[in-house]
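Everything below concerns the one structure shown next.
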Amino acid sequence: MPLDYSTLDLIGKAARLIKSSRYFIALTGAGVSVESGIRPFRGPGGLWTEFGEPPMDGYRSFEDNPRGYWENKLNPEGRSRFGDSLSEAKPNAGHLAFAELETMGFLKSLITQNIDDLHIEAGSNNVLEIHGNKLKLRCVRCNTRFPKEGFNLSTLPPKCPKCGGVVKDDIVMFGEPIPSDVLAACQAEAERSDCIIVVGTSAVVYPAASLPLIVNDRGGVVIEINPLESDLSSICDVVVRASSGEAMPALVEALKRLA
Ligand code: APR
């Protein structure tokens, strides 16, 4: 369904604010991948809405028994809650628009809560994956990341070839602290930014949800794209109630018209 005039007006307003900004960044969540066939976590059609949130002690059980964690990972009982959607998903028009905003020189960096690699597949380069990436492994001692493909799993738990620490999935588990390097980089981007767009997140998971607050507290502009209300909507300067796959390409067009 084409976007209505009032929504296009709001997208025009967002484009003018982005054009006059000095350091524009983005924060994205599960909503940007819904149009790629991946379910969100909360709200209508959410995984946690249907199955309940996983227990917060996931990481504790990894720490207590890393070998067991790996044995379970390599011989999982039952299918992942995501089914095949995660492996079959392709970037949608929203992901492609973010990549274009970077190429056009507007978007300085993109912080994503998504582990699906779709922003990178769409061509975005300056991406910070605050919850990790499904294609990578990470050493829990030195934070070095390794491609999952071809990593030596002959001994469990696998050890880091650099520091000998234990290696796990790069995906951040419930109860696991955000790796210090990516957290520091995300906070530094928020502290530099005077304009942030927040797309497809319920903004209830911290510390990711604190990043737009950092921009707001420093007098910066906060723009939201989400078909539904989020925990952040009340502090936003512009709220666009539309899907990412429709609104993001329209934002790119609006910026091109301002050029
Ligand atoms: N376009 C834009 N937004 C959408 C779309 C769409 N097509 N479809 C749904 N949304 C919005 C929903 O209204 C909701 O506000 O996306 C949001 C998704 O929220 P969540 O499911 O809570 O996802 P997210 O905010 O990314 O979750 C944060 O929680 O479970 C953990 O680690 C997981 O990274 C995840 C974190």
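Points worth noting:
- In summary, helices (runs of 4 or more DSSP H) completely within region 174-259 and bearing 1 or more residues that are under 30 Å from Tyr69 (Cβ atoms) and out of contact with any Ser or Thr (no Cβ under 7 Å at 6 or more places or on another chain) occur at 180-192, 211-217.
- Residue-level analysis places Ser109 among those that are closer than 20 Å to Asn133 by Cα, within 15 Å of the chain's Cα centre (by Cα), more than 13 Å from the ligand (Cβ to nearest atom) and surrounded by 20 or more Cβ atoms within 10 Å (Cβ to Cβ).
- Filtered residue count, region 192-229, keeping only those that are surrounded by fewer than 22 Cβ atoms within 10 Å (Cβ to Cβ), within 13 Å of the ligand (Cβ to nearest atom) and polar (S, T, N, Q): 2
- Flag for Val167 being in contact (Cβ under 8 Å) with a residue 40 or more places away in the chain and of a type in the set (Val, Ile, Thr): no
- Hits in region 112-121 (condition: of a type outside the set (Val, Ile, Thr) and within 15 Å of the ligand (Cβ to nearest atom)): Gln113, Asn114, Asp116, Asp117, Leu118, His119
- Those helices (runs of 4 or more DSSP H) lying entirely in region 1-103 with at least 3 residues away from the ligand (no atom under 16 Å from the Cβ): 5-19, 58-64, 66-74, 93-103
Coordinate-derived values only; no laboratory data. Because the structure is a prediction, the values reported are computed rather than measured. Don't worry about glycine lacking a Cβ; one is built from the backbone with ideal geometry, like all the others, and counts go over all protein chains shown.
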